[in-house]
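Derivation of every value follows stated rules applied to the coordinates shown; laboratory data play no part. Keep in mind that what you see is a predicted model, and the values were worked out from it rather than measured. So basically every Cβ, Gly included, is an ideal-geometry build from the backbone, and we count neighbours across all protein chains shown.
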Amino acid sequence: MELQAASSLSTYLAVMMALLIGYPFALVGVKLANSGCRLAKQKWVNRFNYFFALILLIFMIAHIHSDTFLAIELLQWFQPE
């Protein structure tokens, strides 16, 4: 059980790091893809930022959730008798 929790913990961290590293490149792609007026471009950038923040928040909550269960298991494992 603890191996599975540690594995999911590292998976969530890896996904969050990949999202944070890829964010500037994706933002440039969104800006280049929209060739409309300045207000339309800003609207698309704002939508992208909100969507990106939501996805990152979901992975952060999943990471905290799995980290909490791993900590509970470790506390029970090393609890003094």
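Brief remarks follow.
- Matching residues, region 59-81, being exposed (fewer than 10 other Cβ atoms within 10 Å of the Cβ) and not acidic (Asp, Glu): LEU75, GLN76, TRP77, PHE78, GLN79, PRO80
- Qualifying residue in region 36-48 (condition: in a helix (DSSP H, G or I), surrounded by 11 or more Cβ atoms within 10 Å (Cβ to Cβ), without any contact (Cβ under 8 Å) to a residue 12 or more places away in the chain and of a type in the set (A, V, I, L, M)): yes
- Output for region 11-35, where each listed residue is over 13 Å from the mean Cα position of the chain (by Cα) and part of a helix (DSSP H, G or I): PRO24, PHE25, ALA26, LEU27, VAL28, GLY29, VAL30, LYS31, LEU32, ALA33
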